[in-house]
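To keep things clear, I will list the structure first and then write my remarks on it.
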Amino acid sequence: MPCRHVSLQEDLKVYKVTLDSLDGVTYVTEVPSSISSIYTDLHLSAGGSEGVNQQHEVWQLETTSNMKTLHDVLIKCRAVFKTLLPGRDKPSSRVLTKGIAGIGKTFSVRKFALDWARGLENQDIILLVPFSFRELNLVRDEQHSLLSLIHVFHPTLKKVTAEQLAAWKVGFIFDGLDESRFPLKFQNIDVDSDVFDNNDVVSDVTVTSSVGVLLTNLIKGNLLPSALLWITTRPAAANQIPPACVDMVTEVRGFTDPQKEELFRKMFSDDAELASTIISHVKTSKSIHIMCHIPVFCWMTATVVEDLVKTDETGQLPKNLTGMYRHFISLQIKRMKTKYDKETDGDVLLKLCKVAFEHLEKGSVMFYQEDLEECGLDVNAAALYSGVCTEIFKREGVLFQKTVYSFVHLSIQEFLAAVYLFHCFTQKNMKVLKTFVGVDVGSLEDFLKRVMEKAVKSKNGHLDLFVRFLHGLSLQSNQSLGGLLGQTENSPEQIQRVINNLKEMKNTDASLSPDRFINIFHCLMEMNDHSVHQEIQQYLKSADRSKTELSEIQCSALGFMLLTSGEVLEEFDLHQYNTPPGWGPSRIIPAVRNSRKARLVGHQLTEPLYEVVASALSSNPSHLRELDISYNPITDPSMDLLTAALKSPNCQLEILRLAGCTITQTGLELLLSALSSNLLHLRELDLSFIGLQESQLLQLSAVLKSPQCRLQILRLSGCGVTEEGCSSLASAVTSKPSSQLKQLDLNFSHLGDSGLKKLSAALETVK
């Protein structure tokens, strides 16, 4: 076997520098940082959620944090290329790992690489070549061969030849697809595509092309087809790679509750009492408990609680996210003052907040020097305050003397962005405020109302956490932040008017997602107003809920509390709740994601509500087994959402009722096509009072003939089935003697004597 062509000593030195951290965040020097002692194994969940979840990542975390994985194959990182999935005859060689920011993707691949370099794991791999997309961005406009790309980014591999690459077992890691600034165009290198171009196919490691073309050929398998590939990405960018190019999709879920405790006890192995205090405090706040699924937030929480336990005589610990982040940033400022024995340069910190704010709207999570300079930030001055920069803002040296910057987590960027906008409000910087909200604002309540109105219109919720922080910062107790927020004198009356605005906010737009309105409930919690939460707790304990009509904000709170309850709901029926007319019922619908049975009959569901239902069907895991959306309109776009979810391998639906739904002929064809592709679980289908044409009855008959069909009950009452339709159904029944069909409802049909005889004869054969 060839010797390892990476200098073990040199690589270990490099990896130790980058890996003595938790997800890239270096611990302060007082905390032991050996990866072997602090590392808590993150399991990958094979069979990650299908499709692209465009929701804000913290919202994704909140909606799935209580879900227990029911059907997943759990894989340890070191075994990602060794695990044999059910139905496969060999392990996967192309793996795509998804996970929200800070959840542990980079940490996992680096641990994999470190264990390999130390000779501990995966020693059948001769050469392991890691790349990050943020580094590859620097050569996106250059021409390279795969061999020269390896040589440029890994100078220690300059002696590796094309012949060796072809002969060895080689592994590639591509970390951070979501940070890529060049497109991956797979359709141009698909030999079955009508736009096939020979110039885009690269099968030789010495052939020069663009970086994007090289990567697409490597992923497609045209280039080094025997190579192992591991790609990581945040969920929103996962659809850049076609499913056909991936053997296994995995998902990093973050820490389970026992893993959180394990991590805190490892971090404070010499102080068991402090570890227990941190663990107990995490359990007291729903929002903090949820966020601690993210490894980097565990570190933040531990940093804050340790400092307060040792220095704050009152023993008051933050119980919401704004308080936690405010303490964390304040602590970094305090440590910087101690380190440099000088006052904080507030101007530098404020400009860092400006970077966070201006790039939040753009969706940018990584920055180059020119991005910082556009906000007036002198990178050399920022580097001076390493006490702040290394803890909240990473400076990563890469090739060609260029440097990449990023906040240690998206939520840090969102908090600092909120600090900047609140600073602009206190300093009456009307230009920034008007540009952001679109109108002039005066009072605090008017300012926050306008920002909230903008946030609820976001389709993917990219402003959700930002607006939570903004409301939390309106409290006097959260405004001591190194003088960054300016002088504010918000009276209790003003704060109460803000709270009242939140409680009274109405939904007047059918296109808005109910998830956005749940965020209003979170904003109340950030302002330490727990009245709605307490009201819903009492409501859920009430013996007769029909006497209490819920307000819209109470509906949002109820939806969130049902969604994040510790147990999966056996049945969720909207008719059980006394809701106000209009959009009150829709605000509870997110609870469908945490239910086994869902009844949403006759509620005039809109496309955003179908998005929620679709996410419940395709989530990983999906708890939903019975869905009744009878007597609702289903437009073609809404049907697209539903059918995509029904096709998902995560979908475990057993009963689907669509009686009396308004569906177009195109929608029906989409539905029947989806059912034919995923029939393993469906036992009952109700299409009563939906007009079925002959072509659709033929499609339905084909569904019944499928070897995968397990349908036991089929309801077609009032569908206008004719003699010809009966012939199709009879043919389907008789073609499958082992049919499990036990009930067939054809009431209010026009069968005719001939059709009735054919059907009766067919049913006799399957008795």
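The values are calculated or read from the model by the stated rules, or taken from the named source; none is laboratory data. Note that the structure is predicted; figures quoted are calculated from it, not measured. Virtual Cβ from ideal backbone geometry, glycine too; neighbours counted across all protein chains shown.
Of the strands (runs of 3 or more DSSP E) lying entirely inside region 71-168, the ones with 1 or more residues being of a type in the set (Lys, Arg) are found at 73-76, 94-98. Note on region 389-431: residues that are of a type in the set (S, T, N, Q) and at pLDDT below 85 amount to 4.
Every residue, every condition in (1) under 24 Å from residue 285 (Cα atoms); (2) surrounded by 17 or more Cβ atoms within 10 Å (Cβ to Cβ); (3) among the charged types (D, E, K, R), yes or no:
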site: 437; (1), (2), (3): no, yes, no
site: 485; (1), (2), (3): no, yes, no
site: 504; (1), (2), (3): no, no, yes
site: 516; (1), (2), (3): yes, yes, yes
site: 529; (1), (2), (3): yes, yes, yes
site: 534; (1), (2), (3): yes, no, no
site: 538; (1), (2), (3): yes, no, no
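Yes or no: residue 733 of a type in the set (A, V, I, L, M), closer than 24 Å to residue 634 by Cβ and modelled with pLDDT under 85? So residue 733 fails the test. In summary, residue 423 fulfils each of the numbered conditions (1) touching a residue at least 60 places away in the same chain (Cβ under 8 Å); (2) within 14 Å of residue 392 (Cβ to Cβ) with the single exception of condition (2).
Which is of a type in the set (A, V, I, L, M, F, W, C), in contact with a strand residue (DSSP E or B) (Cβ under 7 Å, 6 or more places away or on another chain) and under 29 Å from residue 365 (Cβ atoms), of 294, 241? Result: 241 is the single residue among 294, 241 that is of a type in the set (A, V, I, L, M, F, W, C), in contact with a strand residue (DSSP E or B) (Cβ under 7 Å, 6 or more places away or on another chain) and under 29 Å from residue 365 (Cβ atoms). Could you check, for region 179-188, whether at least one of its residues is without any contact (Cβ under 8 Å) to a residue 12 or more places away in the chain and out of contact with any strand residue (DSSP E or B) (no Cβ under 6 Å at 6 or more places or on another chain)? Yes, region 179-188 contains at least one residue that is without any contact (Cβ under 8 Å) to a residue 12 or more places away in the chain and out of contact with any strand residue (DSSP E or B) (no Cβ under 6 Å at 6 or more places or on another chain). Hey, could you check region 587-625 for residues that are within 22 Å of the chain's Cα centre (by Cα) and assigned to a loop (DSSP other than H, G, I, E, B) and say which is surrounded by the fewest Cβ atoms within 10 Å (Cβ to Cβ)? Checking each candidate, the answer is 621. The residues of region 111-130 that are crowded, with 19+ Cβ neighbours inside 10 Å and touching a strand residue (DSSP E or B) at 6+ places or on another chain (Cβ under 6 Å), listed by number, are 113, 116, 127, 128, 129, 130.
Could you tell me whether region 417-440 includes any residue that is in a loop (DSSP other than H, G, I, E, B) and either touching a Leu at 6+ places or on another chain (Cβ under 6 Å) or closer than 26 Å to residue 586 by Cα (or both)? No, that holds for no residue. The criterion of at least 2 residues that are touching a residue at least 60 places away in the same chain (Cβ under 8 Å) and over 25 Å from residue 598 (Cβ atoms) is met by the following helices (runs of 4 or more DSSP H) wholly inside region 477-586: 514-526.
Results for (1) more than 22 Å from residue 418 (Cα to Cα); (2) of a type in the set (Ser, Thr, Tyr); (3) touching a helix residue (DSSP H, G or I) at 6+ places or on another chain (Cβ under 8 Å), shown as yes or no for each residue.
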| residue | (1), (2), (3) |
| --- | --- |
| 264 | yes, no, yes |
| 310 | yes, no, no |
| 316 | yes, no, yes |
| 320 | no, no, yes |
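Considering the conditions (1) more than 22 Å from the chain's Cα centre (by Cα); (2) under 26 Å from residue 564 (Cα atoms); (3) surrounded by fewer than 20 Cβ atoms within 10 Å (Cβ to Cβ); (4) modelled with pLDDT under 85, residue 340 is excluded by exactly one of them, (2).
The condition (being crowded, with 19+ Cβ neighbours inside 10 Å, of a type in the set (Phe, Trp, Tyr) and under 19 Å from residue 222 (Cβ atoms)) is satisfied by just one residue among 133, 172: 172. Out of 695, 673, which single residue is more than 17 Å from residue 745 (Cα to Cα), assigned to a helix (DSSP H, G or I), modelled with pLDDT under 85 and among the polar types (S, T, N, Q)? Sole residue among the options that is more than 17 Å from residue 745 (Cα to Cα), assigned to a helix (DSSP H, G or I), modelled with pLDDT under 85 and among the polar types (S, T, N, Q): 695.
A single member of 242, 295 is closer than 30 Å to residue 218 by Cβ and buried (at least 21 other Cβ atoms within 10 Å of the Cβ), and it is 295. Are any of the residues in region 595-605 closer than 20 Å to residue 459 by Cα and aliphatic (A, V, I, L, M)? For region 595-605, residues closer than 20 Å to residue 459 by Cα and aliphatic (A, V, I, L, M): present.
With respect to the conditions (1) crowded, with 22+ Cβ neighbours inside 10 Å; (2) small (Gly, Ala, Ser); (3) assigned to a helix (DSSP H, G or I), residue 254 lacks only one, and its number is (3).
Close contacts from region 588-615, counting a first residue that is under 17 Å from residue 509 (Cα atoms) and in the same structural domain as residue 637 (by TED's automatic domain parsing) and a second that is part of a loop (DSSP other than H, G, I, E, B) and hydroxyl-bearing (Ser, Thr, Tyr), with Cβ to Cβ under 6 Å and a gap of 6+ residues or different chains, come to 608/513. When residue 618 is tested against (1) of a type in the set (Gly, Ala, Ser); (2) touching a Gly at 6+ places or on another chain (Cβ under 9 Å); (3) within 18 Å of residue 464 (Cβ to Cβ), only condition (3) is not met.
The set of residues in region 457-495 being of a type in the set (D, E, K, R), modelled with pLDDT of 80 or more and under 29 Å from the mean Cα position of the chain (by Cα) consists of 457, 464, 468. Can you find even one residue in region 268-287 that is part of a helix (DSSP H, G or I), closer than 24 Å to residue 518 by Cα, modelled with pLDDT under 80 and in contact with a helix residue (DSSP H, G or I) (Cβ under 7 Å, 6 or more places away or on another chain)? Yes, some residue in region 268-287 is part of a helix (DSSP H, G or I), closer than 24 Å to residue 518 by Cα, modelled with pLDDT under 80 and in contact with a helix residue (DSSP H, G or I) (Cβ under 7 Å, 6 or more places away or on another chain).
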